[in-house]
Every structure is written in C-alpha cells, then in structure tokens.
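Inspection log for the structure reproduced underneath, given as structure tokens.
The values are calculated or read from the model by the stated rules, or taken from the named source; none is laboratory data. What you are looking at is a predicted structure, and each value in this text was computed from that prediction instead of being measured. So basically every Cβ, Gly included, is an ideal-geometry build from the backbone, and we count neighbours across all protein chains shown.
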Amino acid sequence: MEYYELHPETPQARYINKAVETLKNGGVIIYPTDTVYGIGCDIFNKAALDRIFEIKNDGRTKLFSFVCPDLKDISKYAKVSDYAYRTMKHLLPGAYTFVLPAAREVPKKLWTKRKTVGIRVPNNKIALQLASELGNPIVSTSVTNRTGQVFTDPEEIRNVFNPFIDLMLANGVLANKPSSIIDLSDDEPEIIREGAGDISIFK
C-alpha cells in the first residue's frame, strides 16, 4: 500500500494526483473525511466495488454512501426535491449523509432495497479534491474491521489494511464519530442516525 501524509488545509497536489490515478485505474484507497476515514473507489468501477464489499464483508443490502465534490451535478446521481436541495445547500459541506431516491446512473450495487442512495459532501478538502479531480463520485464507507470496530489512527489502519488497499492518504488521528444520516427520500425528513452533524433543524 502506498502511504502519504497530507496537510489538511493545503493538501499536496502530487499526492492527490497519485490517489486520483489509482482510482482511475480501478484501485481502492483510504482517505480522510470530516468524520472518520473512508474506504473508497470510483463508483462506476465494478471490480473495485466488488473489492470493497469483500474487504467490508458486507451484504449487498448495506447502504454505502458516496462523496460528491458539490451539489452542482447532484441530479445525476439522485432524485432531489426542492426541499431536499434547499436543505442540503444549507448544511453542506458538512458531516451528513443524505438518503435520496437513486438515479438510474448510479450502479445498483449501491442502491438499498428501497432504491435509495446515500450522498455525502464532507467538509474535508482532501475528500472534495479527490472527487473533483476524479470527475466521478467516490464510495465512502468507514474503515472498520469485520466486527464493526472503527479505526481512526493512520498507523493502525496501515498495519491492518496494508494487504487490501492500494493507497492511503493520511490526515492524523480522526475523531471516532460518524456522519449524521438523514433520509430526505420522502416529504418528511427522517433521522436515521445522530452523528457529528447538527440535526436540530430536523427535530
């Protein structure tokens, strides 16, 4: 596994470019978000998606979210009501995963049984630059072992995941608090998980 430590505010472009090249070549990476570290790949690379499901040992019904660089092209990946768009525009980038009806372009492997997807625009320059430079959304599923333990220390992640990951971008030890998950697929928002993002507007 290639391993690079990045500055959180001014990420080194050469390391971002290496990660993007890895993603374009069908690789699987680990990268920081505004909550925990994520395991990611290009959402349109089937072989890379299969690798992540194998690493996570998750059934195909589990919601894997994906990172978009902004809300500009969000309608490519989800059906967004006016209310959902206004809500996301107000809160993003931030520590939220928004559940929305899936658009046809999104691989069905990332759909839930309800035909929804989880979308993130994290408040993290590294994650956003990756998605922006790649030109496609990036899968975002937390770095956990098969018992669900979350890893937040880069050195520990490096030791455990070295055989399975192509490249890691490190950004220090992250807080062990996941994103808040809000379902905006219906007329009324539903809080699925209370995490790092402020959800007071939904209560």
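The numbered conditions (1) over 13 Å from the mean Cα position of the chain (by Cα); (2) of a type outside the set (Asp, Glu); (3) within 19 Å of Lys125 (Cα to Cα) are all true for Val67 except (1).
Checked against the criterion of being surrounded by 13 or more Cβ atoms within 10 Å (Cβ to Cβ), free of Cβ contacts under 8 Å to residues at least 40 places away in the same chain and under 21 Å from Leu6 (Cα atoms), the candidates Val139, Val160 yield just one match: Val160. Of the candidates Ile192, Ile165, Ile182, the single residue that is over 24 Å from Val28 (Cα atoms), touching a residue at least 12 places away in the same chain (Cβ under 8 Å) and out of contact with any Phe, Trp or Tyr (no Cβ under 9 Å at 6 or more places or on another chain) is Ile192. The residues on offer are Lys79, Lys56, Lys115, Lys109, and the sole one that is more than 25 Å from Ala170 (Cβ to Cβ), of a type in the set (D, E, K, R) and touching a residue at least 60 places away in the same chain (Cβ under 8 Å) is Lys109. Within the range 175-191, if we keep just the residues that are modelled with pLDDT of 95 or more and among the hydrophobic types (A, V, I, L, M, F, W, C), the residue that is surrounded by the most Cβ atoms within 10 Å (Cβ to Cβ) turns out to be Ile182.
Of the listed requirements (1) touching an Asp or Glu at 6+ places or on another chain (Cβ under 9 Å); (2) aliphatic (A, V, I, L, M); (3) not in a helix (DSSP H, G or I), Leu128 misses just one: (3).
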